[in-house]
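Here's the structure, in structure tokens; my notes come after.
The values are calculated or read from the model by the stated rules, or taken from the named source; none is laboratory data. Keep in mind the model is a prediction, meaning the values are calculated, not measured. Note: ideal-geometry Cβ built from the backbone for every residue, glycine included; neighbour counts use all protein chains shown.
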Amino acid sequence: MVKGSDLLVAALEHEGVDQVFGVPGEENLDVVEALRNSKIELVLTRHEQAAAFMAATHGRLTGRPGVCISTLGPGALNFSTGAAYAHLGAMPMVLLTGQKAIMSSRQARFQIVDVIASMKPLTKLSRQIVSASSIPTLVRDAFRVAMEERPGPVLLELPEDIAGDEVEPVPMVPIHPIEIPVAHRAALDRAAEMILAAKRPLIMLAAAASRPRSTFGIAGFVRRTGIPFFTTQMGKGTVPGGTNLYMGTAALSERDYVHEAIDQADLIIAIGHDTVEKPPFIMGPKGPQVIHVSYTPATVEQVYFPHAEVVGDVGPSLELLADRLEGKLHNAKALLPLRDSILGRIADRATESRWPVTPQRLVHDVRKVIPENGIVALDNGMYKIWFARNYRTYVANTLLLDNALATMGAGLPSAMMAAMLYPDRRVMAICGDGGFMMNSQELETAVRLKLNLVVLILNDGAYGMIRWKQAVDEFPDFGLTFGNPDFVRYAESYGAKGSRVTSVDGLLPTMEMAFKGGGVHLVDVAIDYSENTKVLVDELRNRKLGGEPT
């Protein structure tokens, strides 16, 4: 005989799971014991939300679902933000939650919340396990659903009596590969005809283009067609930003310098665009034609309504499309003359020596200290726009940011997951002081796991992005400032190292020292956000389209 909890853990092992993140509770104790006797590592976090962010980031970086565990009620509800993060960001993950016994109710309604109902809008599938014998089938189905396009989170709730129930051994369900069909020939022919007829074509690389399975075919398509490209925030790194076809990143929806190329294009090939991202450009009745290329059909919105679609496995479909185009695109580089002026103006004042440090100088110095394959995980704040605009990426998934749910608190756990997956790479979490404090307790987890990780805290004593928008909208400065702990001593209290930057010339050497010292090292740096209004509002508002700022 075998317990339901043993079947669950055996099914996780069968799926190749080697780590489970979370905070178990009374209702999970059978599962915890099964994990103790397995090859799977239980990574105990200090809050369930952080565990969910870590599991989601595992899915984002590997394409395989990360797994997190919580108890019932309050613990399960703490997964909500992480589930939404994975759902909007298309990150495969499996959430395991506990529940009181369902065959009896000796504790009545104590701690019982309908987690299945609460999680249905935030997951691809939410299901309670009611039979121990069904566990291998339900786990296999959960992983299949989490991974199939569009990827996302799946929740399985295991009541404690089902976990402890003893049944006859049940075989695992075999895993078989599932190939995604390539796009239909007619769709490829139609898209090729439109591209061949275009006078000023442009490629956009978006969120779904960053799937680990996608990047090779996309890079080949750009190279073979010679069409310049720009990216959305979550599409950065899909094709190396060092190529001479890169035109920039649409960190804003309109009026930025990259929109000079977007507005002049008569055709945009939107590869992997998902409308959960804040719009990289606004479609209108007089705008360019748009071809949607992705794993799934386009979601038609007021600001996005493509004129043709190429739906299928993105990499192989683009190879077939490139076969129809290579060597025939005489207008491929029509927009390329705009490139130098766009990138030049974005890089303006990148080495300015003002103190506190400006966002442009921050991005410049971080890029210098991070190797091409190093990973920067951003929390959510004003700096995200600056890194999206100014930070050049050379390898896919080396700038982790969230432009879908855009939640605060995910930066540190995401960086921790990256450091666990890639211990030989440099990994940095960049957090505002507001977002950092939402999951700062995970410094203890990072120290306990002996991670090599640099955490850069941008200290302005406020919820800076909303404070900036409050000022832009001409509201009084109110309700968005706060006090902070001494971040250096705070880090040291967890057993991490801490440093404070006191001059702009000290930023780069302090970060370099932090990486070379190893372990968990927090760096506290003051930031001057006055550039937000100066550059992102006044300068862009006053510039002439296609020309120099006025």
Out of THR481, THR510, THR533, sole residue that is at negative phi, polar (S, T, N, Q) and crowded, with 16+ Cβ neighbours inside 10 Å: THR510
Screening ILE218, ILE195, ILE227 for residues that are assigned to a loop (DSSP other than H, G, I, E, B) and outside the structural domain of VAL31 (by TED's automatic domain parsing) leaves only ILE227
Those residues of region 230-266 which are out of contact with any Asp or Glu (no Cβ under 9 Å at 6 or more places or on another chain) and either assigned to a helix (DSSP H, G or I) or not assigned by TED's automatic domain parsing to the domain that holds GLU319 (or both), in sequence order: HIS259, GLU260, ALA261, GLN264
In region 390-403, anything under 19 Å from GLY434 (Cα atoms) and either part of a strand (DSSP E or B) or not acidic (Asp, Glu) (or both) is listed as LEU400, LEU401, ASN403
Of everything in region 274-331, what is under 24 Å from the mean Cα position of the chain (by Cα) and without any contact (Cβ under 8 Å) to a residue 24 or more places away in the chain? Give them in sequence order. HIS292, PRO297, VAL300
Any chance region 357-374 includes a residue that's of a type in the set (Gly, Ala, Ser) and in contact with a helix residue (DSSP H, G or I) (Cβ under 7 Å, 6 or more places away or on another chain)? no
Output for Cβ contacts, cut-off 6 Å, separation at least six or different chains, first residue in contact (Cβ under 8 Å) with a residue 24 or more places away in the chain in region 170-186, second in a loop (DSSP other than H, G, I, E, B), reads ILE180/ASP313; PRO181/GLY312; VAL182/GLY312; VAL182/ASP313; ALA183/GLY312
Quick one: which residue in THR81, THR97 is assigned to a helix (DSSP H, G or I) and touching a residue at least 60 places away in the same chain (Cβ under 8 Å)? THR81
Residue by residue through region 483-541, note down the ones that are in contact (Cβ under 8 Å) with a residue 60 or more places away in the chain, assigned to a loop (DSSP other than H, G, I, E, B) and closer than 14 Å to ASP460 by Cβ. VAL501, ASP528, TYR529
In region 409-435, anything among the β-branched types (Val, Ile, Thr) and either farther than 15 Å from ASN373 by Cβ or modelled with pLDDT under 95 (or both) is listed as ILE430
Quick check on region 355-371. Is at least one of its residues touching a Lys or Arg at 6+ places or on another chain (Cβ under 6 Å), polar (S, T, N, Q) and in the same structural domain as MET428 (by TED's automatic domain parsing)? yes
